[in-house]
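The structure appears below as structure tokens.
The values are calculated or read from the model by the stated rules, or taken from the named source; none is laboratory data. For clarity, every value in this text was computed on a predicted model and none was experimentally measured. Cβ coordinates were reconstructed from backbone atoms using ideal geometry, including for glycine residues, and neighbour counts include every protein chain displayed.
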Amino acid sequence: MGAPHGHTLHFHGHSWLHRLPAHVKLVALVVFMLTVVATPREWYPVFAGYLALLLLLVATSRVPPTYLAKRMVVEVPFVVFALLLPFVATGPRTEVLGLSVSEHGLLGAWSLLAKGTLGVTASLLLAATTEPRALLTGLERLRVPTLLVQIMGFMVRYLDVVTDELRRMHVARESRGFSARNPRHWPVIAKSAGVLFIRSYERGERVHLAMLSRGYDGRMPR
Amino acid sequence: MIPVLDLQGVAFAYPDGHQALHGVDLHVHQGERVALLGPNGAGKTTLVLHLNGILMPGLGTVAVSGLPVTKANLLEIRRRVGIVFQDPDDQLFMGSVREDVAFGPMNLGLRGPELEARVFAALEAVGMAEYADRPPHHLSFGQRRRVAVATVLAMEPEILVLDEPSSNLDPASRRELADIIRSLDVTVLLVTHDLPYALELCPRSVILSDGVVAADGNTAEILGDEALMKSHRLELPFGFVPSSRV
């Protein structure tokens, strides 16, 4: 099968950040995020410091900044919300570029944008420098309940299989002249999603059978 | 001698009332390679799931090397009967090839160097030892099928049951897998409707049709019996003459 290999978030490399144990990186990320969130939004220089720290890490990790930038699209809904805030929020108003905006909203938008962007960049950097499997081992070392780690493990394992199935269904639809541009065609997409769900469910049953056949008794061997 | 597989009058109906097996009698002796042939819907997969107690017969008995398939014996039965399922993506569910091959032996209680040795020997047997640390989804389909065989070999089964092992393989992978199967010192039940593959690997064939054993004998003779083949919806590929291969 000609599926694209590897996980799209991971950027292969050998920098010190790549080599750092996953559990250290996980703890560092959580500490960083909590600190960022807890920082009062008016402490502008501190935020500049956070950004400088992140940029320094990105530089030493040798992950191309464009690689991270492309994956930051995930933040777009928050950006849109942040941009709307100054217009919909109440309180004293001020002028920016000839537009009347809420001072409160402006500060809120800044805080959301700054904290969000820092968080997303840091998470992407973790994903780019750590293999999914290493992340799972890291979580295990941090004593995250085994059942949760296992569920995540199955997710990592079958993500490619399911995406591949999705892609094949997409190709099969397009090959019969379907295009999803018209909202009237959306029900077809919904049905495909339903079929994908059922197929994945049935695969789950087959995987379970294969596990039972090798002596699985409900607990993962450790 | 006690047969490795001993099925007597195995009958089974699914909860929805569909009767898949109507009394199957089958014996497989140690060291044999037997092909289980039959058209789609003949009950082949249902029969396979009886061999390690995933399904329990409504009537009749299944025994593996003298040990009856019962709830109490399940773990030992599943060690003795190694089933390789059709889709390797169903069989390889761990993050790396090594962990996947270790899964079965670990369920049997193996740990440490003994486990390592088992895993390595099984991977070596299918020529995949150098891929031990790779995630299964980064392997080619043929490689994944070979690893799927290794996951079962690592349990040191008495009988290896292969469900449609040649499906979706290109001719080279197909031949490589055949070489591997021939090189193994284990009893094999090959479930397939790939008749040339059955002829290549198995001296003896059993036809399962409509939930009963319709024929049991020399593979070349069975494949050469046109009337028999036709009555059970089995067809040789165009231009294939069974006697030319033996």
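Tabulated values for the structure
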read-out: Criterion violated by A:Leu126 - all others in (1) more than 15 Å from the chain's Cα centre (by Cα); (2) closer than 30 Å to A:Glu42 by Cβ; (3) at pLDDT 90 or above satisfied; value: (1)
read-out: Selection count, the range B:63-82, where residues are small (Gly, Ala, Ser) and either at the interface with chain A (Cβ under 9 Å from one of its Cβ atoms) or without any contact (Cβ under 8 Å) to a residue 40 or more places away in the chain (or both); value: 2
read-out: Wholly enclosed helices (runs of 4 or more DSSP H) of the range A:126-222 bearing at least 2 residues over 24 Å from B:Phe93 (Cα atoms); value: A:146-175, A:186-213
read-out: The one condition in (1) surrounded by 14 or more Cβ atoms within 10 Å (Cβ to Cβ); (2) within 21 Å of the chain's Cα centre (by Cα); (3) of a type in the set (A, V, I, L, M, F, W, C) that A:Val31 fails to fulfil; value: (1)
read-out: Strands (runs of 3 or more DSSP E) within the range B:152-246 that include 1 or more residues among the hydroxyl-bearing types (Ser, Thr, Tyr); value: B:187-192, B:204-209
read-out: Those residues of the range B:87-101 which are part of a helix (DSSP H, G or I) and facing chain A (nearest Cβ under 7 Å), in sequence order; value: B:Asp89, B:Asp90, B:Gln91
read-out: Residue satisfying all of: in the range B:131-149; within 12 Å of chain A (Cβ to nearest Cβ) and hydrophobic (A, V, I, L, M, F, W, C); surrounded by the most Cβ atoms within 10 Å (Cβ to Cβ) among these; value: B:Ala148
read-out: Selection within the range A:192-220 - over 26 Å from the mean Cα position of the chain (by Cα) and either among the charged types (D, E, K, R) or away from chain B (no Cβ under 14 Å) (or both); value: A:Glu202, A:Glu205, A:Arg206, A:Arg214, A:Asp217, A:Arg219
read-out: Close pairs (9 angstrom Cβ cut-off, 6 or more residues apart or separate chains): modelled with pLDDT under 95 in the range A:45-74, of a type in the set (D, E, K, R) and surrounded by 13 or more Cβ atoms within 10 Å (Cβ to Cβ) anywhere; value: A:Phe47/A:Arg41; A:Phe47/A:Lys115
read-out: Qualifying residue in the range B:117-130 (condition: within 8 Å of chain A (Cβ to nearest Cβ) and not charged (D, E, K, R)); value: no
read-out: Given (1) more than 9 Å from chain B (Cβ to nearest Cβ); (2) under 23 Å from the mean Cα position of the chain (by Cα), index of the condition A:Ala172 fails; value: (2)
